[in-house]
Amino acid sequence: MATIAYKCPEITVNIVDLNEARIAAWNSDALPIYEPGLKEVVDACRGRNLFFSTDVQAGIADADIIFASVNTPTKTQGVGAGRAADLKFIESVGRTIAQHANRSKIVIEKSTVPVKTAAALERVLTANELHSGTVGKRFYILSNPEFLAEGTAMADLDNPDRVLIGGQVEQAVQVLVDIYAHWVPRERILTTNLWSSELSKLVANAMLAQRVSSINSISRLCERTGADVSEVSRAIGTDSRIGRKFLNASIGFGGSCFQKDILNLVYICEQFGLDEVAQYWQKVVDMNEYQKKTFTGRIIHALFNTVSRKKIAVFGFAFKKDTGDVRETPALTVCDMLMQDGAMVHVYDPKVKREDAVTEFKYHGVEVDDKLFTFTSTPEEAVEGAHAIVILTEWDEFKTYKYDVFYSKMMKPAFLFDGRNLLDHVGLQKVGFEVHAIGKPK
Ligand code: UGA
């Protein structure tokens, strides 16, 4: 929304949310999320044509176009628990809009939703409207899924591969096309029917995650055969039909989207009785779980089959670099397994706070033992007296550290496990580290 305000000075963007603390943070100098370049854009527009407020009612009444950008978490109980998307926030947005809308509105689904949610939203809207009977009043539902990735959000929005708009009424679609056309070339603005747009969002994430799981599956084979997964990635990625991107082997994908969206896709397929299709996509998630667990198993095995009471320095807790987001981060599984084996885990991450990590553990039903789980404010504190360094996020600054100094402060033998294939392994071996990486020959 900040980008729309920035690119379209004649449009007024009101962001409304019931959460007062969050709105207060958006109105302050300390924005509630870290995203490179976001603060500059907010600073340029806030108070000009970008406003943050808790007055939801006025926000709905004033608007011609409403973007519904609410959370769609996975259901935690009831039918489809653990897989189906929980649409209670979408539904309540529909009811609230219906209550306060006094004239026609375009309502845009920005949240990632299962296919056919727009139809449900339309029913909720029309069944609950208070001002029904107002002449000519209508709700026009559009689907406009977001494809930005965290950490590169502003650049992705500034120069998107494509913008996708799904809708049934051409004039309504055109209104949104005209907004994006302020800065996106017309040929990159794709228009489809509602259901294609909703489904494309889930499929895009499922396909991207599938690439990561595919290369991760091959990384395991590389470890057994003496092939090097980085070389395999480069060799296959230069085939233009395959392409270079999203072929970095890792400890597994994380983030709030991939797993949630694939499980949602799996659930939808099952609903339609497409069991083989469901199983096919489920394997992408299964492979990811396997990757996280086998990497951690390798750490424990290398450290003489026990990490009990051993200090382990973990570099990075975010699910990827340039974000403080820890939702579904693979670091969670790795740290949990290490602590279950009795390790004392000392995490250094440039942007993640300990309380956010603990909250994510709690969300997954894990109570962390305070004695075993420490966050440090420098990497030096984390490595002092540690048996191993474990790289879990690919932060650029990790490449700049003086690992020879770290080595001198660690227990011997000193191990380094590179879960992102980020560092210069030959150089580290020369320093004296025993290095373990993903998909590399021993
Ligand atoms: C993802 C999609 O890339 C966006 O297009 C989409 O809009 C977004 O989800 C969403 O649905 O909102 P995001 O979750 O921010 O974006 O992050 P990605 O860059 O896709 O990375 C996901 C995970 O895969 C990370 O843990 C990353 O480290 C991992 N990954 C990615 C790899 O392990 N290897 C790779 O080669 C690439």
| message | Let me confirm something: among Gly82, Gly78, which residue is surrounded by fewer than 18 Cβ atoms within 10 Å (Cβ to Cβ), farther than 16 Å from Ile60 by Cα and in contact with a Ser or Thr (Cβ under 7 Å, 6 or more places away or on another chain)? | response | Gly82
| task | Given the conditions (1) surrounded by fewer than 16 Cβ atoms within 10 Å (Cβ to Cβ); (2) over 24 Å from the mean Cα position of the chain (by Cα), report the number of the one that Ala313 does not fulfil. | result | (1)
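Yes/no matrix, rows are residues, columns are (1) within 15 Å of the ligand (Cβ to nearest atom); (2) of a type in the set (A, V, I, L, M):
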{"site": "Lys245", "(1), (2)": "yes, no"}
{"site": "Gln271", "(1), (2)": "no, no"}
{"site": "Gln279", "(1), (2)": "no, no"}
{"site": "Gly297", "(1), (2)": "no, no"}
{"site": "His301", "(1), (2)": "no, no"}
{"site": "Val314", "(1), (2)": "no, yes"}
{"site": "Lys320", "(1), (2)": "yes, no"}
| query | Condition test on Asp396, is it within 31 Å of the chain's Cα centre (by Cα) and of a type in the set (D, E, K, R)? | reply | yes
| said: Looking at region 94-122 only, could you name the residues that are β-branched (Val, Ile, Thr) and closer than 23 Å to Gln271 by Cβ? | reply: Thr112, Val113, Val115, Thr117
| Looking at Thr96, Thr112, which one is within 15 Å of the ligand (Cβ to nearest atom), hydroxyl-bearing (Ser, Thr, Tyr) and at pLDDT below 95? | Thr112
| query | Which pairs have Cβ atoms under 8 Å, sit 6 or more apart or on different chains, and link a residue in region 11-28 that is assigned to a helix (DSSP H, G or I) to one that is loosely packed, with under 14 Cβ neighbours inside 10 Å? | reply | Arg22/Pro32; Ala25/Pro32; Trp26/Pro32
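Can you pull out every residue in region 222-249 that is aliphatic (A, V, I, L, M), in contact (Cβ under 8 Å) with a residue 12 or more places away in the chain and surrounded by fewer than 19 Cβ atoms within 10 Å (Cβ to Cβ)?
Ala227, Val232
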| remark: Here the residues within region 275-300 that are of a type in the set (Lys, Arg) and in contact with a helix residue (DSSP H, G or I) (Cβ under 6 Å, 6 or more places away or on another chain) are Lys292
| remark: Counted residues in region 387-408 being farther than 13 Å from Ala318 by Cα and in contact with a strand residue (DSSP E or B) (Cβ under 8 Å, 6 or more places away or on another chain) come to 7
| Identity of the residue in region 250-267, surrounded by fewer than 24 Cβ atoms within 10 Å (Cβ to Cβ) and near the ligand (Cβ under 7 Å from one of its atoms), that ends up farthest from Leu202 (Cα to Cα) | Gly255
| message | If Gly273 meets every condition in (1) buried (at least 24 other Cβ atoms within 10 Å of the Cβ); (2) outside any helix (DSSP H, G or I) apart from one, which number is that one? | response | (1)
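So that you can scan it fast, the table gives a plain yes or no per residue for (1) in contact with a His (Cβ under 9 Å, 6 or more places away or on another chain); (2) closer than 20 Å to Leu263 by Cα; (3) touching a residue at least 12 places away in the same chain (Cβ under 8 Å); (4) among the small types (Gly, Ala, Ser):
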residue	(1), (2), (3), (4)
Ile65	no, no, yes, no
Gly82	no, yes, yes, yes
Val93	no, no, yes, no
Ser104	no, no, yes, yes
Phe139	no, no, yes, no
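Have a look at Lys371, Lys353 and point out the one that is over 22 Å from the mean Cα position of the chain (by Cα) and surrounded by fewer than 18 Cβ atoms within 10 Å (Cβ to Cβ).
Just one listed residue meets the conditions, Lys371.
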| query | Any residue at all in region 226-240 that is of a type outside the set (Phe, Trp, Tyr), within 17 Å of the chain's Cα centre (by Cα) and within 12 Å of the ligand (Cβ to nearest atom)? | reply | no
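Filter region 178-208 down to the residues that are part of a helix (DSSP H, G or I), of a type outside the set (D, E, K, R) and more than 14 Å from the ligand (Cβ to nearest atom) and list them by number.
Ile179, Tyr180, Leu194, Trp195, Ser196
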| request: Answer yes or no: is there a residue in region 370-388 that is closer than 30 Å to Arg234 by Cβ and either modelled with pLDDT of 95 or more or charged (D, E, K, R) (or both). | output: yes
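The values are calculated or read from the model by the stated rules, or taken from the named source; none is laboratory data. These numbers come from a predicted model, not from an experiment. Using ideal geometry, Cβ is built from the backbone for each residue, glycine included, and neighbour counts are taken over all protein chains shown.
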